[in-house]
Amino acid sequence: MFVFTNTADDSLASLAKQLDELVAANSAKQLAAVVHFTGDPTDEFSKKIQAFGKKHKLKNVTLAITADQDRFDVNDDAKVTVMAIDARRVAYNFATDDELKEEDIKSILKGSKKVVN
């Protein structure tokens, strides 16, 4: 699971926590999740991302700062893009230019089943 975002807000925290649980529950299936924060990799931004991970006690989700989102064909206007990738193909894709809502997160978790089963 790849998540691309430009913000570390509460709605992202909710998604990240649920992905953390999903990865832990599916470790035998080698499920992984990476949240890619798009932006300049400044020390200040890096500290903010590290604080986000600690605050939300993320253990199974990797947090990264990337300027490589073009490689994944991520919509620049989207606030959050989620891709579930299986065997090098996108099995599920979600994007929003708004803050994540609870129904969005439910949809993302349902979409993750395409790579978990």
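The values are calculated or read from the model by the stated rules, or taken from the named source; none is laboratory data. What you see is a predicted model; the values in this text were computed from it and never measured. Cβ coordinates were reconstructed from backbone atoms using ideal geometry, including for glycine residues, and neighbour counts include every protein chain displayed.
Just to be sure I understand, how many residues within region 66-108 are out of contact with any helix residue (DSSP H, G or I) (no Cβ under 6 Å at 6 or more places or on another chain) and among the aliphatic types (A, V, I, L, M)?
Counting residues in region 66-108 that are out of contact with any helix residue (DSSP H, G or I) (no Cβ under 6 Å at 6 or more places or on another chain) and among the aliphatic types (A, V, I, L, M) gives 10.
Residue pairs, Cβ under 9 Å, 6 or more apart or interchain, first in region 18-44 and touching a residue at least 40 places away in the same chain (Cβ under 8 Å) and farther than 14 Å from ALA64 by Cβ, second of a type in the set (Lys, Arg) and loosely packed, with under 12 Cβ neighbours inside 10 Å. List them.
Close Cβ pairs (under 9 Å, with a partner that is of a type in the set (Lys, Arg) and loosely packed, with under 12 Cβ neighbours inside 10 Å) amount to ASP20/LYS57; ASP20/LYS59.
I need every pair where a residue in region 47-66 that is closer than 21 Å to ASN26 by Cα has its Cβ under 6 Å from the Cβ of a residue that is surrounded by fewer than 14 Cβ atoms within 10 Å (Cβ to Cβ), sequence separation at least 6 or different chains.
These pairs meet every condition: ASN60/ALA24.
Just to check your reading of the model, which residue among ALA64, ALA28 is farther than 18 Å from ILE105 by Cβ and at pLDDT 90 or above?
ALA64
Could you pull out the residue among ALA84, ALA78, ALA91 that is small (Gly, Ala, Ser), touching a Phe, Trp or Tyr at 6+ places or on another chain (Cβ under 7 Å), touching a residue at least 24 places away in the same chain (Cβ under 8 Å) and more than 15 Å from LYS17 (Cβ to Cβ)? Explain how you work it out, then say what you get.
Numbers: ALA78 fails: touching a Phe, Trp or Tyr at 6+ places or on another chain (Cβ under 7 Å); ALA91 fails: touching a Phe, Trp or Tyr at 6+ places or on another chain (Cβ under 7 Å).
Every option except ALA84 fails the conditions.
With respect to GLY53, is the statement that it is surrounded by 14 or more Cβ atoms within 10 Å (Cβ to Cβ), at positive phi and of a type outside the set (Asp, Glu) true? If you could, list the steps in order and put the result at the bottom.
Numbers: surrounded by 14 or more Cβ atoms within 10 Å (Cβ to Cβ): yes; at positive phi: no; of a type outside the set (Asp, Glu): yes.
For GLY53, the condition - surrounded by 14 or more Cβ atoms within 10 Å (Cβ to Cβ), at positive phi and of a type outside the set (Asp, Glu) - is not met.
Starting from residues that are surrounded by 12 or more Cβ atoms within 10 Å (Cβ to Cβ) and not hydrophobic (A, V, I, L, M, F, W, C), keep the ones in region 27-44 and report whichever is nearest to the chain's Cα centre (by Cα). Don't jump to the end; show me each part of the working.
Narrowing region 27-44 to residues surrounded by 12 or more Cβ atoms within 10 Å (Cβ to Cβ): 31-39, 41.
Checking which are not hydrophobic (A, V, I, L, M, F, W, C) leaves us with 36, 38-39, 41.
On the way: HIS36: 6, THR38: 11, GLY39: 15, PRO41: 17 Å.
Only one residue fits best here, namely HIS36.
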